[in-house]
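K.L.:
Starting off with a structure, shown below.
Read the figures in this text as sums done on the coordinates, not as results from a lab. What you see is a predicted model, and the numbers here were worked out from it, not measured in a lab. Cβ: placed from backbone, ideal geometry, glycine included. Neighbour counts: every protein chain shown.
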Amino acid sequence: MKGTYFLGAQKTPKFEVRDMEFAPLGEHEVLVKNMACGICGTDVHIYHGEAGSADVTPPVVLGHEFSGIVIETGEAVTTVSVGDHVAMDPNLYCGKCLPCRMGKKQNCEHLSALGVTRDGGFAEYAVCPESQCFVVNKEIDFDVAAMAEPLACVVHGIDQAAIRPGQAVLVIGGGTIGLLMVQMAKISGASTVMLSEPVEMRRKIGLEVGADAVIDPLNEDVRGKIREICGRDGADVVIECVGKPFAVEQAFYAAGFGATLLLFSVPATDATVALPLFDVYKKELRILGSMINPDTHQRAVNLINGHCLEIKKLITHAYDLEHLDEAIHMQMSSESIKVMVHPWG
Ligand SMILES: [Zn+2]
Ligand SMILES: [Zn+2]
């Protein structure tokens with residue numbers, strides 16, 4: 001039973017493949033044979049030792065976007081059975097703290113997560129609480145099933161943005177999240193979905209997965225292009241998926257009257273932008289954040305089971321457990337969209 005342990009951002013090398021040992025399963029625990037685990041921006045932040053959404057205590061097996069097969073179940077497990085294919089919701093909430101009791105579990109004071117604070121998907125096996133295992137139809141590719149986690153985060157963002165039928169949506173950034181947002185915006189009733197993305201390969205995939213038009217923000221005027229594409233002065237909903245101040249500035253620039261701006265990505269903890277106050281006043285802008293996936297994982301799995309999205313096209317590379325460092329570097333490159341780790345090669 002092998003797992004790739006993260007040893008710490010200061011260490012060289014930062015990863016080591018080790019044998020894992022598991023205690024006998026607790027009554028509500030499940031042993032999962034991990035089949036695929038995506039690399040997330042959060043893993044990249046952790047790799048670089050950046051402060052952000054997660055506190056990590058090495059050594060730990062990272063990887064929180066994973067899917068696999070149920071191998072063994074604890075005595076009291078009732079919702080999954082041996083042989084089931086499952087996609088994990090990594091986030092565990094205490095249910096007792098004030099944010100949890102106020103319906104804000106994403107702000108739980110005792111948030112823990114598989115693949116962040118406890119061992120996760122970059123291993124052959126993982127022990128997961130039953131509550132975190134969501135059954136996926138057997139015909140679904142494990143790579144696609146592993147995308148339930150980022151998709152669940154996107155579903156929460158789409159809930160926040162509350163897109164109404166007939167609106168024009170601009171997605172800024174054509175990475176995994178942006179390309180899921182393009183598709184979810186379309187499903188949610190947008191009449192025109194535009195993608196602003198400087199990398200040509202990503203613009204091309206954007207069109208393949210359903211964007212009505214793409215914009216190259218380095219060589220085209222984003223607001224001028226929006227006018228050309230949908231005939232109005234700015235988008236009704238702008239979804240920012242880059243995490244850099246320039247992208248947030250672009251979001252304000254591209255926002256139309258009454259627009260909603262969803263600032264979805266995880267920025268640096270000290271990132272700021274100058275707020276165009278008169279625009280907020282005159283355009284009556286709504287500015288929203290979105291954090292992780294509170295109560296949206298089942299809906300993400302439903303969308304996957306229902307074949308509602310083009311997900312396979314977003315997966316561009318795959319590595320084994322021995323090459324996790326390379327895999328993380330590929331995830332950082334603009335050559336890739338989503339990089340998967342296949343623990344069994
Ligand atoms: Zn993630
Ligand atoms: Zn809590």
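K.L.:
Taking Cα centroids, how far is the stretch 310-339 from the stretch 161-216 in Å?
P.N.:
The stretch 310-339 and the stretch 161-216 have Cα centres spaced 21 Å from each other.
K.L.:
To the nearest Å, what is the center-to-center distance of the stretch 270-309 and the stretch 247-265, using C-alpha atoms only?
P.N.:
With the stretch 270-309 and the stretch 247-265 each reduced to a Cα centre, they are spaced 11 Å.
K.L.:
Let me ask something additional. Where a Cα-Cα gap under 19 Å defines reach, which lysines qualify for LYS14, not counting those fewer than 8 residues away within the same chain?
P.N.:
Cross-link targets: LYS2.
K.L.:
To continue, here is another question. Let a ≥ b ≥ c be the square roots of the eigenvalues of the Cα gyration tensor of the stretch 184-223; is it rounded (a/c under 1.5), or, if not, prolate (a/b larger than b/c) or oblate?
P.N.:
Since a/c reaches 1.5 but b/c is at least a/b, the shape of the stretch 184-223 is classed as oblate.
K.L.:
Continuing with this model, one more query. To make sure I understand the rule: partners must be aspartates and glutamates, Cα under 20 Å from the Cα of LYS138, and not fewer than 8 residues away in the same chain. Which ones qualify?
P.N.:
LYS138 reaches GLU65, GLU72, ASP84, ASP89, GLU124, GLU130, GLU149, GLU310.
K.L.:
Please rank THR269, THR192, fewest neighbouring Cβ atoms within 10 Å first, as an exposure proxy.
P.N.:
The fewest-first ordering by Cβ neighbours comes to THR269, THR192.
K.L.:
Just rank VAL214, VAL116, fewest to most, by other beta-carbon atoms within 10 angstrom.
P.N.:
By the 10 Å Cβ count, ascending, the order reads VAL214, VAL116.
K.L.:
For a distance above 33 Å, tell me the whole-number percent of Cα pairs in the chain that qualify.
P.N.:
Of the Cα pairs, 27 percent sit more than 33 Å apart.
K.L.:
Residues of the stretch 106-150 with backbone nitrogen within less than 18 Å of a virtual label 7 Å along the Cα-to-Cβ line of CYS94, please, listed as ranges.
P.N.:
The answer is 106-114, 117-118, whose backbone nitrogens lie closer than 18 Å to the label point.
K.L.:
As a test of the formula, what do you get for the chain when each DSSP H run with n ≥ 4 contributes -39,500 (n - 2.57) and the sum is divided by the residue count, at 222 nm and rounded to the nearest 500 deg cm²/dmol?
P.N.:
Taking each H run of at least 4 residues, the total per residue is -7500 deg cm²/dmol.
K.L.:
Between ASP325 and ASP19, how high is the FRET efficiency from 1/(1 + (r/R0)^6) when r is the Cβ-Cβ distance and R₀ = 22 Å? Nearest 0.05.
P.N.:
0.70
K.L.:
Output the pairs from LYS11/LYS313; LYS105/LYS204; LYS105/LYS313; LYS33/LYS313 with a Cα-Cα distance over 29 Å in this structure; if there are none, say none.
P.N.:
Table pairs above 29 Å Cα-Cα are LYS11/LYS313; LYS105/LYS204; LYS105/LYS313.
K.L.:
Moving on to the next point. Dipole magnitude of the stretch 236-292 about its Cα centre, charges +1 at Lys/Arg Cβ and -1 at Asp/Glu Cβ only, in debye to the nearest 20?
P.N.:
With Lys and Arg at +1 and Asp and Glu at -1, about 60 debye.
K.L.:
Let me ask something else about it. Rounded to the nearest 20 debye, what is the charge dipole size of the chain about its Cα centre when +1 sits on each Lys and Arg Cβ and -1 on each Asp and Glu Cβ?
P.N.:
Dipole size: approximately 1040 debye.
K.L.:
Compute the relative contact order of the stretch 54-171 as a whole-number percentage, counting only Cα pairs closer than 8 Å that sit 6 or more residues apart in sequence.
P.N.:
33
K.L.:
Within 10 Å of each residue's Cβ, count the other Cβ atoms and sort LYS312, LYS33, LYS14 from fewest upward.
P.N.:
Least to most surrounded, the residues fall as LYS312, LYS33, LYS14.
K.L.:
Which of the aspartates and glutamates could a cross-linker bridge to LYS283, judged by Cα under 17 Å and excluding same-chain residues fewer than eight apart?
P.N.:
Of all the aspartates and glutamates, those that pass the test against LYS283 - Cα under 17 Å, at least 8 places apart if same chain - are ASP233, ASP236, GLU249.
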